[in-house]
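Heads up: the structure comes next, in structure tokens.
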Amino acid sequence: MATLKINGETVTVDVADDTPLLWVIREQVGLTGAKYGCGIAQCGTCTIHVDGSPVRSCVYPVGALSGEEEITTIEGLSEEANHPVQEAWAELDIPQCGYCQPGMIMAVAGMLNDNPNPSDEDIDAEITNICRCGTLARVRKGIKLAVEKS
Amino acid sequence: MADTGILSRRGFIVGTGATGLTIGILASCSPGASGPEEPDYSDLPPNDEVNAWVHIDHDDTVTVRIARSEMGQGTLTGLAQLVADELDADWDKVTTVYPTPGENLARERVWRSYSTGGSQGIRGSQDYVREGAAAAKAMLIEAAANEWGVAASECTSADSVITHGPSGQTTTYGAVAGAAGKLAPPLEVTVKDPSEWKIIGEAKKRLDTADKLIGAQVYGADIGLEDVLKDTDATPTELLSASIRQSPKIGATVASFDAAAVENMPGVRKVVALNNPFGEGQNAVAVIAETWWQANSALDALPIEWEGGVDFSTEAFEAELDDGLTSDEAFVGNGGGDLAGAFADAAQVIEATYNMPFQNHACMEPMNTTALYTDDRCEIWCPTQNGEAALAAVSEASGLDIQNCEVYKVHLGGGFGRRGAPDYVQQAVMLAMEVPGTPVKLLWTREEDMKHGFFHPTTKGRVRGALDADGNLTGLHLRISGQSILAALIPQALQDGVDYATFQGLLPPGVDPRLEDQTLKYSFDNFLVDHAMRNPPVRPGFWRGVNLNQNAIYLECFMDELAHAAGRDPLEFRLAHLQDSPEAAAVLQAVADRSGWGQDDGKHRGLCVMYGFGSYVAACSEVTVDEDGVLSIDRIVAATDPGHAVNPQQIEAQVEGSFVYGLSAMLFGEITFEDGVAQETNFDTFNSMRIVDMPEVETIIMPSGGFWGGVGEPTIAVAAPSVLNAIYAATGKRVRQLPIKDQNLRDA
């Protein structure tokens, strides 16, 4: 059993402690915005926030949580799709297939929580998500637009 | 004509404009709020469709039926633009829906092909899609004219409103759509001249973005019981999940597995071996469980013994590829003149050999399908690039008549050619047949996806060139050695044994109507392009851009080598052979001009120009290579002439994305085999570009009109050659062995 605070709600789930948080969120909690892409923390499609910091949930065992942490998924990032990152993404029409974008958006939003005005070097170091459609050029523009909007 | 059942019942809107998003948010956030008075249509029966392409509600919402699949390439929005423009619709009220492959079958393929590949989504259907919309518009106007008792020729249309000129009275599409649908379609329609386009050619926002920003877009991997219940007439009460392990070794089969070892693990329902969809015997074991994590955990713990298989090694296969490079026997793809004479008289002969390793498509969303089987029906929920092929696969795997099968398409989390193959569809159906009445969602692990691809084929290219004393190219021979995709997948498409698709981008006109969009635009006097087919036991596939990618490396890196050997400017050297293709010369000149080609500014630049998928593309890349041999790709200027540019900002997105796909392969992409087993299993060993690797890309869209070229693929081909040529400019070293990943560019 594990108790999670996710997007402001407390839920209790009956899973083994070593179950990755990604699969608990997707299969027990029923929020499918965070995606499975690699299972080894390489691609970042599963990125969520734990206490505001980006975490690759596919390798984060649910048993490592105390139950006090605030977990945020893409579904809980904003009330009306109006987080600055979401607004910038809409304005620049960034998603292509979109499968990696919940993770990309959460990675960027998490970076901006800690570093509201990242340099290009900061972006290079912190945003390491894979996008096979190749939105990377617009993602960099989107980050800068989101900074302006914040 | 009435709607068929599924379209009206499903109401599954796959894309919606900004207006839809606003309405959605208002409705969900402020249920008590009331905006401006909206007419109430709730007493009216829903309108029938106007025709197969268009349905219009009383409130003027235009729903465009889209047969091709959306996998990120923007076809959904582009096709909707074609229809909306021809229809004179109000773009802010346009939405889209996928008609199912089963409906297409029942309606005698009214939507024609569902195949989404070869950059054909728009160019392959623009004529009949626009004609369908033009017919719908004519019927709407006729319905209004009938109601008013006036001549249709006195009526005009704009923004979903019909106006009778002499009287000035107006009506809306929604008001007459029901009556329009009952009219006979016009016998002839004329589509607009491009000068009349208002929506085509505009940088419209995509229709499918809103849900992708909030985690609400449902992909195949996300399908749940509620999604199934929206579509099916069956009444399942749960949805099970499955994970699969396929034989790690090519051609191996299941010898044994100890189901008892995992049957009591949490959630496990069934442990089953599956038949090979394309061969003999059982080549996979799957676990069906209550959740996917439980299924996959049980598979991890399941002892499986495999037997047989092929001891294929990419390293050993090099010898076969090398043999093909010098073999006396090869299929001729293009050529002419006196090649032997050119080499005999040459002042200088140069030669180079390049390679292209196996590539995995590596869609971000691993392969998956959800299937529901009952005694008399089988339905799947599937991300597929070819809905009709998926429908046939369901019928074949289930043994049910195709009329009793159905495919509900969902947006793809990447396709790139991989999702045209139906292997995962057949597996999902086989699993669903194990638990009749209960839907099963099969999701591959990334490792399964990486090891069991339909890989971009491996080839080598050896190029020899003859230069005269003045540095003119007088003879060129490109020998391609390696795998044929068609020989493995579509052998009936070979012509007297020749796979002409191998010569993509190098063909003469007139070889095959399906390859007219893949011809060589250079003019050479004495030349030969030929192919020594060497087929490994690895299943090949159509990987975004297909054979254009390596052919561009072989031709365009060598053109650069020739220019330098001749002491000539690589731009001028190329232009000298593009005299018969002003379009190709124009895109090349455009990237040269924009990039600052030829300026003495310390930048290291490389060029590439190609024609493929009906479009002219070029790139000029700028790189730096530091003293330690570390590459930085700094800037790329790209140009594309697709004839007509339906949505410039989406073309720009495809061009930018093409560099990510092409350069990821150049930098990192390689699937190798040892003892028949793929060695790269995930993104740690099959890496993909990250933002740190991403250059600035400037896209020049220069539509010259008069033809419809593809956009999703051609630019990939110019990515690697332009960068490789720039690396030479920076280092004086040629990189001819891909991928670059482990090479020091200063020691190359």
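The values are calculated or read from the model by the stated rules, or taken from the named source; none is laboratory data. Keep in mind it's a predicted model, so treat the numbers as computed, not measured. For neighbour counting, all protein chains shown are included, and Cβ atoms are generated from backbone atoms with ideal geometry for every residue, glycine included. Each accessible area value is taken on the protein alone, full model and side chains, heavy atoms only, with ligands, DNA and RNA left out. Shrake-Rupley method; radii C 1.70, N 1.55, O 1.52, S 1.80 Å.
Could you go through the range B:676-685 and let me know if any residue there is surrounded by fewer than 24 Cβ atoms within 10 Å (Cβ to Cβ) and among the hydrophobic types (A, V, I, L, M, F, W, C). Yes, the range B:676-685 has at least one match. For the range B:167-190, state whether one or more residues are within 30 Å of A:G33 (Cβ to Cβ) and either crowded, with 16+ Cβ neighbours inside 10 Å or more than 10 Å from chain A (Cβ to nearest Cβ) (or both). No; the residues of the range B:167-190 include none that is within 30 Å of A:G33 (Cβ to Cβ) and either crowded, with 16+ Cβ neighbours inside 10 Å or more than 10 Å from chain A (Cβ to nearest Cβ) (or both). The set of residues from the range A:19-61 being of a type outside the set (A, V, I, L, M, F, W, C), surrounded by fewer than 22 Cβ atoms within 10 Å (Cβ to Cβ), more than 7 Å from chain B (Cβ to nearest Cβ) and in a helix (DSSP H, G or I) comprises just one member, A:Q28. Restricting to the range A:105-127, name every residue that is outside any helix (DSSP H, G or I) and either in contact (Cβ under 8 Å) with a residue 12 or more places away in the chain or open to solvent by 50 Å² or more (accessible area, probe 1.4 Å) (or both). Within the range A:105-127, A:P116, A:N117, A:P118, A:I127 meet the criteria. When you go through B:I691, B:I701 one by one, which is the residue that is at pLDDT 95 or above, surrounded by fewer than 21 Cβ atoms within 10 Å (Cβ to Cβ), under 19 Å from B:Q654 (Cβ atoms) and among the β-branched types (V, I, T)? It is B:I701. Within the range B:293-319, if we keep just the residues that are touching a Gly at 6+ places or on another chain (Cβ under 8 Å), part of a loop (DSSP other than H, G, I, E, B) and among the hydrophobic types (A, V, I, L, M, F, W, C), the residue that is least open to solvent (accessible area, probe 1.4 Å) turns out to be B:F312.
The conditions of being over 21 Å from the mean Cα position of the chain (by Cα) and at pLDDT below 95 are met by B:Q743.
Restricting B:N682, B:N725, B:N687 to residues that are touching a Gly at 6+ places or on another chain (Cβ under 9 Å), in contact (Cβ under 8 Å) with a residue 60 or more places away in the chain and farther than 26 Å from B:D593 by Cβ narrows the list to B:N682.
Would you check if B:F343 is crowded, with 18+ Cβ neighbours inside 10 Å and modelled with pLDDT of 95 or more? For B:F343, the condition - crowded, with 18+ Cβ neighbours inside 10 Å and modelled with pLDDT of 95 or more - is not met.
For the range B:171-189, the condition holds for at least one residue, the condition being that it is of a type outside the set (A, V, I, L, M), more than 24 Å from B:N47 (Cα to Cα) and outside any helix (DSSP H, G or I). Here the range B:219-242 is the region considered, the condition is being in a loop (DSSP other than H, G, I, E, B) and surrounded by 19 or more Cβ atoms within 10 Å (Cβ to Cβ), and the residue that is farthest from the other protein chains (Cβ to nearest Cβ) is B:L239. The set of residues in the range A:127-142 being facing chain B (nearest Cβ under 9 Å) and of a type outside the set (G, A, S) consists of A:I127, A:T128, A:N129, A:I130, A:C131, A:R132, A:C133, A:T135, A:L136, A:R138, A:V139, A:R140.
Residues in the range B:400-457 that are within 14 Å of chain A (Cβ to nearest Cβ) and of a type in the set (D, E): B:E447, B:E448, B:D449. What are the residues in the range B:402-432 that are open to solvent by 10 Å² or more (accessible area, probe 1.4 Å) and in contact with a Lys or Arg (Cβ under 6 Å, 6 or more places away or on another chain), if any? Correct list: B:N404, B:F416, B:G417.
Within the range B:320-340, the set of residues being polar (S, T, N, Q), in a helix (DSSP H, G or I) and crowded, with 18+ Cβ neighbours inside 10 Å is empty. If you go through the range A:87-101 and pick out every residue that is assigned to a helix (DSSP H, G or I) and over 13 Å from B:A216 (Cα atoms), you end up with 6. Please determine whether any residue of the range B:587-595 is out of contact with any Cys (no Cβ under 7 Å at 6 or more places or on another chain) and either among the polar types (S, T, N, Q) or at positive phi (or both). Looking through the range B:587-595, at least one residue is out of contact with any Cys (no Cβ under 7 Å at 6 or more places or on another chain) and either among the polar types (S, T, N, Q) or at positive phi (or both).
Between A:A90, A:A64, A:A16, the distinction of being of a type in the set (A, V, I, L, M, F, W, C), within 9 Å of another protein chain (Cβ to nearest Cβ) and open to solvent by 50 Å² or more (accessible area, probe 1.4 Å) belongs to A:A16 only.
A count restricted to the range B:652-692 and to residues that are of a type outside the set (S, T, N, Q), part of a helix (DSSP H, G or I) and within 12 Å of another protein chain (Cβ to nearest Cβ) stands at 13.
Restricting the range A:67-87 to residues that are more than 9 Å from chain B (Cβ to nearest Cβ) and touching a strand residue (DSSP E or B) at 6+ places or on another chain (Cβ under 6 Å), which is modelled with the lowest pLDDT? Out of the qualifying residues, it is A:G67. With respect to B:D675, determine if the residue is over 29 Å from B:A203 (Cα atoms) and either modelled with pLDDT under 95 or not β-branched (V, I, T) (or both). Here the answer is yes, as B:D675 does meet what is asked.
Yes/no matrix, rows are residues, columns are (1) open to solvent by less than 10 Å² (accessible area, probe 1.4 Å); (2) without any contact (Cβ under 8 Å) to a residue 40 or more places away in the chain; (3) part of a loop (DSSP other than H, G, I, E, B); (4) not small (G, A, S):
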{"site": "B:F558", "(1), (2), (3), (4)": "yes, no, no, yes"}
{"site": "B:L571", "(1), (2), (3), (4)": "no, yes, no, yes"}
{"site": "B:A586", "(1), (2), (3), (4)": "no, no, no, no"}
{"site": "B:Q589", "(1), (2), (3), (4)": "no, yes, no, yes"}
{"site": "B:D600", "(1), (2), (3), (4)": "no, yes, yes, yes"}
{"site": "B:A618", "(1), (2), (3), (4)": "yes, no, no, no"}
{"site": "B:T624", "(1), (2), (3), (4)": "no, no, no, yes"}
{"site": "B:E627", "(1), (2), (3), (4)": "no, no, yes, yes"}
{"site": "B:A639", "(1), (2), (3), (4)": "yes, no, no, no"}
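Results for (1) open to solvent by 10 Å² or more (accessible area, probe 1.4 Å); (2) more than 27 Å from B:R464 (Cβ to Cβ); (3) not in a strand (DSSP E or B), shown as yes or no for each residue.
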site	(1), (2), (3)
B:R514	yes, yes, yes
B:Y522	yes, no, yes
B:L528	yes, no, no
B:F542	yes, yes, yes
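When A:I71, A:I130 are checked against the criterion of being part of a loop (DSSP other than H, G, I, E, B) and touching a residue at least 40 places away in the same chain (Cβ under 8 Å), a single residue qualifies: A:I130. Checking each residue in the range B:192-218 for being more than 14 Å from chain A (Cβ to nearest Cβ) and surrounded by fewer than 19 Cβ atoms within 10 Å (Cβ to Cβ) picks out B:K192, B:D193, B:P194, B:S195, B:E196, B:W197, B:K198, B:G201. Residues in the range B:693-726 that are facing chain A (nearest Cβ under 10 Å), part of a helix (DSSP H, G or I) and over 20 Å from the mean Cα position of the chain (by Cα): 1 in all.
With respect to the conditions (1) touching a strand residue (DSSP E or B) at 6+ places or on another chain (Cβ under 8 Å); (2) more than 10 Å from B:I244 (Cα to Cα); (3) in contact (Cβ under 8 Å) with a residue 60 or more places away in the chain; (4) open to solvent by less than 50 Å² (accessible area, probe 1.4 Å), B:P277 lacks only one, and its number is (1).
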